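The values are calculated or read from the model by the stated rules, or taken from the named source; none is laboratory data. Source: prediction; values computed, not measured. Here the Cβ positions follow ideal geometry from the backbone for every residue, glycine too, while neighbour counts run over all protein chains shown. The accessibility values were calculated without ligands, DNA or RNA, using every heavy atom of the protein model including side chains. Shrake-Rupley method; radii C 1.70, N 1.55, O 1.52, S 1.80 Å.
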Amino acid sequence: MQVETSQCYPNRETPLWPLAQGQTLGNETSMLVLGIETTCDETAAAVVERLSDGSGLIRSNIVHSQTEEHAAFGGVVPEIAARAHVDLLDGIVARAMREAATGFAQLSAVAAAAGPGLIGGVIVGLTTAKAIAMVHDTPLIAVNHLEAHALTPRLTGALAFPYCLFLASGGHTQIVAVIGVGNYVRLGTTVDDAMGEAFDKVAKMLGLPYPGGPEVERSAHGGDAERFAFPRPMLGRTDANFSLSGLKTAVRNEASRLSPLEPRDIRDLCASFQAAVIDSTADRLRVGLRLFREQFGPPSALVAAGGVAANQAIRGALQEVAARAKTTLIIPPPALCTDNGAMIAWAGAERLAQGLTDTMDAPPRARWLLDAKAIRPAGFSNTRAGF
(Lines give C-alpha, C1' and ligand atoms only; values in the text may rest on other atoms or scores of the structure.)
Protein backbone atom coordinates (compact mmCIF):
# COMPACT_ATOMS: atom_id res chain seq x y z
CA MET A 1 0.00 0.00 0.00
CA GLN A 2 1.07 3.57 -0.57
CA VAL A 3 2.24 5.44 2.49
CA GLU A 4 0.18 8.41 3.60
CA THR A 5 1.13 10.45 6.63
CA SER A 6 -0.16 13.47 8.48
CA GLN A 7 2.35 15.32 10.66
CA CYS A 8 1.95 18.44 12.81
CA TYR A 9 4.85 20.12 14.55
CA PRO A 10 4.14 23.15 16.75
CA ASN A 11 6.73 25.81 16.12
CA ARG A 12 8.76 27.96 18.46
CA GLU A 13 9.58 31.62 17.92
CA THR A 14 10.50 32.77 14.42
CA PRO A 15 10.91 36.56 14.23
CA LEU A 16 9.36 37.37 10.84
CA TRP A 17 6.46 39.67 10.10
CA PRO A 18 3.27 38.02 8.84
CA LEU A 19 1.10 39.20 5.97
CA ALA A 20 -2.62 38.51 5.71
CA GLN A 21 -4.53 38.46 2.47
CA GLY A 22 -5.63 41.94 1.50
CA GLN A 23 -3.52 43.65 4.16
CA THR A 24 -0.11 45.27 4.27
CA LEU A 25 2.99 44.06 6.07
CA GLY A 26 2.58 44.28 9.81
CA ASN A 27 3.00 42.41 13.06
CA GLU A 28 -0.59 42.15 14.27
CA THR A 29 -2.02 39.65 11.81
CA SER A 30 -1.65 35.96 11.06
CA MET A 31 -1.70 34.20 7.73
CA LEU A 32 -2.42 30.77 6.29
CA VAL A 33 -0.50 29.37 3.31
CA LEU A 34 -1.35 26.24 1.34
CA GLY A 35 1.76 24.47 0.04
CA ILE A 36 1.90 21.92 -2.80
CA GLU A 37 4.87 19.61 -3.51
CA THR A 38 5.06 17.39 -6.63
CA THR A 39 8.69 17.64 -7.79
CA CYS A 40 9.46 13.91 -7.61
CA ASP A 41 7.59 10.89 -6.25
CA GLU A 42 5.80 12.40 -3.25
CA THR A 43 2.41 14.01 -3.78
CA ALA A 44 2.03 16.40 -0.86
CA ALA A 45 -0.01 19.32 0.40
CA ALA A 46 0.00 21.19 3.69
CA VAL A 47 -1.39 24.26 5.40
CA VAL A 48 0.97 26.28 7.57
CA GLU A 49 -0.10 29.17 9.76
CA ARG A 50 2.15 32.08 10.67
CA LEU A 51 0.91 33.43 13.96
CA SER A 52 0.76 37.10 14.92
CA ASP A 53 3.94 36.80 17.00
CA GLY A 54 5.87 35.51 13.98
CA SER A 55 5.92 31.86 15.04
CA GLY A 56 4.52 29.08 12.90
CA LEU A 57 2.25 26.10 13.18
CA ILE A 58 1.73 23.22 10.78
CA ARG A 59 -2.04 22.88 10.60
CA SER A 60 -1.88 19.87 8.26
CA ASN A 61 0.80 18.01 6.31
CA ILE A 62 -0.31 15.21 3.97
CA VAL A 63 2.33 13.20 2.11
CA HIS A 64 1.51 10.35 -0.27
CA SER A 65 4.59 8.33 -1.23
CA GLN A 66 4.71 6.51 -4.56
CA THR A 67 7.39 4.05 -3.42
CA GLU A 68 5.45 0.95 -4.41
CA GLU A 69 4.69 2.25 -7.89
CA HIS A 70 8.40 2.70 -8.63
CA ALA A 71 9.90 -0.19 -6.65
CA ALA A 72 9.67 -2.67 -9.52
CA PHE A 73 11.83 -0.36 -11.66
CA GLY A 74 14.47 0.30 -9.01
CA GLY A 75 14.00 4.06 -9.30
CA VAL A 76 11.54 6.83 -10.07
CA VAL A 77 9.85 6.66 -13.48
CA PRO A 78 8.91 10.25 -14.41
CA GLU A 79 5.82 9.36 -16.43
CA ILE A 80 4.41 7.15 -13.66
CA ALA A 81 5.12 9.86 -11.10
CA ALA A 82 3.39 12.57 -13.14
CA ARG A 83 0.29 10.44 -13.72
CA ALA A 84 0.07 9.63 -10.03
CA HIS A 85 0.26 13.34 -9.17
CA VAL A 86 -2.65 14.00 -11.53
CA ASP A 87 -4.72 11.25 -9.93
CA LEU A 88 -3.91 12.08 -6.31
CA LEU A 89 -3.30 15.79 -5.89
CA ASP A 90 -6.86 17.11 -5.77
CA GLY A 91 -7.79 14.66 -3.02
CA ILE A 92 -4.65 15.38 -1.03
CA VAL A 93 -5.22 19.14 -1.22
CA ALA A 94 -8.81 18.62 -0.07
CA ARG A 95 -7.63 16.50 2.85
CA ALA A 96 -5.00 19.06 3.84
CA MET A 97 -7.60 21.81 3.86
CA ARG A 98 -10.05 19.65 5.80
CA GLU A 99 -7.49 18.69 8.47
CA ALA A 100 -6.46 22.34 8.74
CA ALA A 101 -10.14 23.19 9.38
CA THR A 102 -10.01 26.08 6.94
CA GLY A 103 -11.40 27.12 3.58
CA PHE A 104 -9.76 28.52 0.47
CA ALA A 105 -11.22 31.95 1.21
CA GLN A 106 -9.16 32.11 4.41
CA LEU A 107 -5.83 31.46 2.67
CA SER A 108 -3.31 34.28 2.49
CA ALA A 109 -1.49 32.61 -0.43
CA VAL A 110 -1.08 29.39 -2.40
CA ALA A 111 2.51 28.16 -2.78
CA ALA A 112 3.73 25.41 -5.10
CA ALA A 113 7.14 23.95 -5.83
CA ALA A 114 7.87 25.30 -9.31
CA GLY A 115 11.17 23.40 -9.60
CA PRO A 116 13.74 22.04 -9.77
CA GLY A 117 12.38 18.56 -10.33
CA LEU A 118 10.78 16.16 -12.78
CA ILE A 119 9.07 18.54 -15.13
CA GLY A 120 5.84 16.54 -15.50
CA GLY A 121 5.24 16.53 -11.77
CA VAL A 122 6.22 20.18 -11.39
CA ILE A 123 3.65 21.15 -14.04
CA VAL A 124 0.90 19.26 -12.19
CA GLY A 125 1.54 20.97 -8.87
CA LEU A 126 2.11 24.46 -10.21
CA THR A 127 -0.93 24.31 -12.49
CA THR A 128 -3.11 23.20 -9.58
CA ALA A 129 -1.83 26.06 -7.43
CA LYS A 130 -2.51 28.56 -10.20
CA ALA A 131 -6.06 27.29 -10.60
CA ILE A 132 -6.75 27.64 -6.86
CA ALA A 133 -5.18 31.11 -6.79
CA MET A 134 -7.18 32.32 -9.79
CA VAL A 135 -10.53 30.95 -8.62
CA HIS A 136 -10.16 32.37 -5.11
CA ASP A 137 -8.28 35.56 -6.05
CA THR A 138 -5.38 34.52 -3.81
CA PRO A 139 -1.69 35.42 -4.25
CA LEU A 140 0.47 32.77 -5.92
CA ILE A 141 4.01 31.96 -4.77
CA ALA A 142 6.23 29.83 -7.04
CA VAL A 143 8.72 28.23 -4.64
CA ASN A 144 12.18 26.95 -5.42
CA HIS A 145 12.19 23.44 -3.93
CA LEU A 146 15.78 23.97 -2.71
CA GLU A 147 14.82 27.20 -0.97
CA ALA A 148 12.08 25.31 0.83
CA HIS A 149 14.67 22.87 2.21
CA ALA A 150 16.91 25.80 3.12
CA LEU A 151 14.20 27.59 5.13
CA THR A 152 12.54 24.60 6.82
CA PRO A 153 14.67 24.87 10.01
CA ARG A 154 13.12 28.28 10.65
CA LEU A 155 9.71 26.58 10.79
CA THR A 156 10.70 24.15 13.53
CA GLY A 157 12.53 26.66 15.74
CA ALA A 158 14.01 30.11 16.06
CA LEU A 159 17.01 30.43 13.74
CA ALA A 160 18.65 33.71 12.76
CA PHE A 161 20.38 34.44 9.47
CA PRO A 162 23.02 33.78 8.31
CA TYR A 163 23.52 30.04 8.67
CA CYS A 164 25.39 27.32 6.78
CA LEU A 165 23.22 24.75 5.01
CA PHE A 166 24.27 21.22 4.05
CA LEU A 167 21.64 20.10 1.53
CA ALA A 168 21.88 16.42 0.61
CA SER A 169 19.17 14.53 -1.26
CA GLY A 170 18.64 12.25 -4.22
CA GLY A 171 19.14 15.11 -6.65
CA HIS A 172 21.31 17.66 -4.84
CA THR A 173 24.40 17.88 -2.68
CA GLN A 174 25.42 21.44 -1.78
CA ILE A 175 26.89 23.61 0.94
CA VAL A 176 25.08 26.94 0.93
CA ALA A 177 25.37 30.17 2.89
CA VAL A 178 21.79 31.16 3.75
CA ILE A 179 22.05 34.94 4.13
CA GLY A 180 18.34 35.73 4.06
CA VAL A 181 15.12 34.91 2.26
CA GLY A 182 16.00 34.85 -1.44
CA ASN A 183 19.70 35.43 -0.71
CA TYR A 184 21.89 32.33 -1.05
CA VAL A 185 25.56 31.76 -1.86
CA ARG A 186 26.66 28.30 -2.95
CA LEU A 187 29.98 27.42 -1.31
CA GLY A 188 30.28 23.88 -2.63
CA THR A 189 28.45 21.32 -4.76
CA THR A 190 28.77 17.83 -6.16
CA VAL A 191 30.66 17.65 -9.44
CA ASP A 192 28.91 14.40 -10.41
CA ASP A 193 26.44 12.27 -8.44
CA ALA A 194 24.27 13.63 -5.66
CA MET A 195 24.75 11.88 -2.33
CA GLY A 196 21.31 10.29 -2.24
CA GLU A 197 21.75 9.21 -5.85
CA ALA A 198 25.03 7.48 -4.96
CA PHE A 199 23.38 5.63 -2.05
CA ASP A 200 20.54 4.48 -4.31
CA LYS A 201 22.89 3.31 -7.06
CA VAL A 202 25.08 1.38 -4.62
CA ALA A 203 21.96 -0.30 -3.25
CA LYS A 204 20.86 -1.28 -6.73
CA MET A 205 24.23 -2.78 -7.69
CA LEU A 206 24.20 -4.81 -4.46
CA GLY A 207 20.67 -6.09 -5.07
CA LEU A 208 19.07 -4.20 -2.19
CA PRO A 209 15.40 -3.12 -2.38
CA TYR A 210 14.21 0.34 -3.45
CA PRO A 211 14.43 2.96 -2.02
CA GLY A 212 18.09 2.17 -1.61
CA GLY A 213 19.43 4.81 0.77
CA PRO A 214 17.76 3.46 3.92
CA GLU A 215 18.66 -0.09 2.88
CA VAL A 216 22.36 0.75 2.61
CA GLU A 217 22.23 2.38 6.04
CA ARG A 218 20.44 -0.63 7.50
CA SER A 219 22.93 -3.11 6.00
CA ALA A 220 25.89 -1.02 7.13
CA HIS A 221 24.90 -1.45 10.79
CA GLY A 222 26.20 -5.02 10.88
CA GLY A 223 29.11 -4.57 8.50
CA ASP A 224 32.89 -4.14 8.80
CA ALA A 225 33.65 -0.58 7.70
CA GLU A 226 37.39 -1.34 7.45
CA ARG A 227 37.22 -4.37 5.19
CA PHE A 228 37.37 -2.33 1.97
CA ALA A 229 39.71 0.64 1.56
CA PHE A 230 37.46 2.80 -0.57
CA PRO A 231 38.66 6.26 -1.66
CA ARG A 232 37.69 9.45 0.19
CA PRO A 233 36.86 11.74 -2.77
CA MET A 234 38.10 15.36 -2.75
CA LEU A 235 39.75 14.90 0.66
CA GLY A 236 42.05 17.80 1.51
CA ARG A 237 41.03 20.09 -1.34
CA THR A 238 40.74 23.80 -0.60
CA ASP A 239 37.33 24.08 -2.30
CA ALA A 240 34.18 22.64 -0.71
CA ASN A 241 32.99 20.53 -3.64
CA PHE A 242 31.95 16.88 -3.52
CA SER A 243 32.52 13.92 -5.86
CA LEU A 244 30.88 10.53 -5.44
CA SER A 245 31.11 8.91 -8.87
CA GLY A 246 34.57 7.39 -8.29
CA LEU A 247 33.55 6.00 -4.91
CA LYS A 248 30.48 4.44 -6.46
CA THR A 249 32.68 2.85 -9.15
CA ALA A 250 35.03 1.46 -6.50
CA VAL A 251 32.08 -0.26 -4.81
CA ARG A 252 30.95 -1.73 -8.13
CA ASN A 253 34.44 -3.06 -8.87
CA GLU A 254 34.68 -4.80 -5.48
CA ALA A 255 31.18 -6.21 -5.84
CA SER A 256 32.06 -7.60 -9.28
CA ARG A 257 35.26 -9.15 -7.94
CA LEU A 258 33.40 -10.92 -5.12
CA SER A 259 30.39 -12.01 -7.18
CA PRO A 260 28.28 -13.88 -6.21
CA LEU A 261 27.92 -11.79 -3.08
CA GLU A 262 27.33 -13.33 0.32
CA PRO A 263 25.22 -11.47 2.93
CA ARG A 264 28.40 -10.60 4.84
CA ASP A 265 29.93 -9.10 1.68
CA ILE A 266 26.91 -6.85 1.22
CA ARG A 267 27.03 -5.68 4.82
CA ASP A 268 30.76 -4.94 4.64
CA LEU A 269 30.46 -3.16 1.29
CA CYS A 270 27.67 -0.96 2.65
CA ALA A 271 29.58 -0.19 5.84
CA SER A 272 32.78 0.64 3.97
CA PHE A 273 30.93 2.79 1.44
CA GLN A 274 29.05 4.69 4.13
CA ALA A 275 32.26 5.26 6.12
CA ALA A 276 33.90 6.75 3.03
CA VAL A 277 30.91 9.04 2.44
CA ILE A 278 31.02 10.18 6.07
CA ASP A 279 34.75 10.92 6.01
CA SER A 280 34.44 12.84 2.76
CA THR A 281 31.37 14.75 3.96
CA ALA A 282 33.06 15.78 7.22
CA ASP A 283 36.10 17.05 5.33
CA ARG A 284 34.01 18.96 2.79
CA LEU A 285 31.89 20.56 5.51
CA ARG A 286 34.94 21.66 7.49
CA VAL A 287 36.15 23.47 4.37
CA GLY A 288 32.66 24.84 3.70
CA LEU A 289 32.42 26.25 7.21
CA ARG A 290 35.83 27.85 6.84
CA LEU A 291 34.76 29.50 3.58
CA PHE A 292 31.55 30.64 5.28
CA ARG A 293 33.44 32.29 8.15
CA GLU A 294 35.85 34.00 5.75
CA GLN A 295 33.01 35.56 3.76
CA PHE A 296 30.19 36.07 6.26
CA GLY A 297 31.58 35.62 9.75
CA PRO A 298 30.47 32.90 12.19
CA PRO A 299 27.27 31.08 11.16
CA SER A 300 24.37 30.99 13.58
CA ALA A 301 24.21 27.22 12.98
CA LEU A 302 25.12 24.34 10.71
CA VAL A 303 21.85 23.11 9.23
CA ALA A 304 21.31 19.78 7.47
CA ALA A 305 18.31 19.26 5.18
CA GLY A 306 17.18 16.81 2.52
CA GLY A 307 16.50 13.09 2.70
CA VAL A 308 20.12 12.11 3.39
CA ALA A 309 19.93 14.11 6.64
CA ALA A 310 17.76 11.28 7.98
CA ASN A 311 20.79 8.92 7.91
CA GLN A 312 21.80 8.47 11.56
CA ALA A 313 25.48 7.75 10.85
CA ILE A 314 25.77 10.93 8.78
CA ARG A 315 23.97 12.87 11.52
CA GLY A 316 26.61 11.72 13.98
CA ALA A 317 29.39 12.96 11.72
CA LEU A 318 27.64 16.32 11.29
CA GLN A 319 27.37 16.68 15.05
CA GLU A 320 31.12 16.20 15.38
CA VAL A 321 31.83 18.73 12.62
CA ALA A 322 29.54 21.29 14.26
CA ALA A 323 31.13 20.75 17.67
CA ARG A 324 34.62 21.26 16.28
CA ALA A 325 33.47 24.41 14.52
CA LYS A 326 31.92 25.63 17.79
CA THR A 327 28.49 26.01 16.26
CA THR A 328 25.10 24.37 16.68
CA LEU A 329 23.82 21.55 14.49
CA ILE A 330 20.16 21.90 13.52
CA ILE A 331 18.30 19.16 11.66
CA PRO A 332 14.52 19.33 11.14
CA PRO A 333 12.39 16.32 12.18
CA PRO A 334 12.77 13.39 9.74
CA ALA A 335 9.31 13.97 8.24
CA LEU A 336 10.40 17.49 7.27
CA CYS A 337 13.79 16.41 5.86
CA THR A 338 12.20 14.47 3.01
CA ASP A 339 9.91 16.16 0.48
CA ASN A 340 6.65 17.47 1.97
CA GLY A 341 4.09 20.21 1.54
CA ALA A 342 4.81 21.98 4.83
CA MET A 343 8.25 23.07 3.68
CA ILE A 344 6.73 24.56 0.52
CA ALA A 345 4.04 26.35 2.50
CA TRP A 346 6.61 27.73 4.93
CA ALA A 347 8.88 28.95 2.14
CA GLY A 348 5.80 30.63 0.68
CA ALA A 349 5.09 32.26 4.04
CA GLU A 350 8.72 33.43 4.32
CA ARG A 351 8.50 35.03 0.88
CA LEU A 352 5.05 36.47 1.51
CA ALA A 353 6.35 38.10 4.69
CA GLN A 354 8.82 39.94 2.47
CA GLY A 355 6.05 40.97 0.06
CA LEU A 356 7.24 38.53 -2.63
CA THR A 357 4.54 36.97 -4.84
CA ASP A 358 4.43 35.67 -8.41
CA THR A 359 2.29 36.17 -11.48
CA MET A 360 0.27 33.51 -13.27
CA ASP A 361 2.96 33.15 -15.94
CA ALA A 362 5.47 31.76 -13.42
CA PRO A 363 7.09 28.87 -15.33
CA PRO A 364 7.68 25.28 -14.20
CA ARG A 365 11.43 24.52 -14.15
CA ALA A 366 13.27 21.23 -14.42
CA ARG A 367 16.41 23.08 -13.29
CA TRP A 368 16.54 26.07 -11.02
CA LEU A 369 19.63 27.35 -9.25
CA LEU A 370 19.29 28.37 -5.64
CA ASP A 371 22.28 30.67 -6.07
CA ALA A 372 21.66 32.44 -9.38
CA LYS A 373 25.32 33.46 -9.59
CA ALA A 374 26.75 29.98 -9.07
CA ILE A 375 29.13 28.69 -11.73
CA ARG A 376 30.56 25.31 -12.60
CA PRO A 377 33.48 24.32 -10.37
CA ALA A 378 36.82 25.04 -12.06
CA GLY A 379 38.20 22.00 -13.87
CA PHE A 380 34.86 20.20 -14.12
CA SER A 381 33.45 21.49 -17.39
CA ASN A 382 31.16 18.47 -17.92
CA THR A 383 29.60 18.45 -14.47
CA ARG A 384 25.87 18.87 -13.83
CA ALA A 385 26.74 21.09 -10.87
CA GLY A 386 26.45 24.31 -12.86
CA PHE A 387 22.70 23.88 -13.25
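Per-residue SASA remark: residue 224, around 70 Å² accessible (1.4 Å probe; ligands, DNA and RNA not included). Between the residues 118, 76, 146, the greatest Cα displacement towards the positive end of the dipole of the stretch 39-162, with unit charges on the Cβ of Lys, Arg, Asp and Glu, is found for 146.
For the chain, the longest principal axis of the C-alpha atoms and the axis of helix 263-296 are separated by about 60°. For the stretch 311-382, the spread of Cα positions along the three principal axes, ordered from largest to smallest, is 46, 37, 22 Å. Radius of gyration over Kirkwood radius for the stretch 139-234, both on Cα atoms: the Rg/Rh ratio is 1.07. From the alpha carbon centroid of the stretch 312-369 to that of the stretch 74-146 is 18 Å.
With the highest mean first, a sort of the peptides 215-222, 65-72, 115-122 on other beta-carbon atoms found within 10 angstrom per residue produces 115-122, 215-222, 65-72. Normalised by residue number, the volume inside the convex hull of the Cα atoms of the stretch 40-195 is 123 Å³ per residue. Normalising the Debye intensity of the stretch 66-148 to I(0), with uniform scatterers on Cα atoms only, and taking log10 at q = 0.12, 0.18 Å⁻¹ returns -0.40, -0.84.
Using the average count of surrounding beta-carbon atoms within 10 Å as a protection proxy, the listed peptides 29-37, 342-350, 99-107, 155-163 rank, highest first, as 342-350, 29-37, 155-163, 99-107. Database remark: amide H of residue 190 closer than 5 angstrom to the amide H of 173, 242 (H placed geometrically; neighbours at sequence offset of 5 or more, or on other chains; Pro and chain starts carry no H). The charge dipole of the stretch 39-153, taken about its Cα centre with unit charges on the Cβ atoms of Lys, Arg (+1), Asp and Glu (-1) only, comes to about 240 debye. Against the chain, whose longest principal axis is taken from its Cα atoms, helix 245-258 shows a tilt of about 50°.
Around the Cα centre of the chain, unit charges on the Cβ atoms of Lys, Arg, Asp and Glu (plus for the first two, minus for the last two) sum to a dipole of about 980 debye. Axis of helix 341-353 versus longest Cα principal axis of the chain: the two differ by about 50°, to the nearest ten degrees. Note on the chain: semi-axes of the ellipsoid equivalent to its C-alpha gyration tensor, largest first and rounded to whole Å, are 35, 24, 18. Positive-end ranking of 333, 233, 194 along the dipole of the chain, with charges on Cβ about the Cα centre, is headed by 233.
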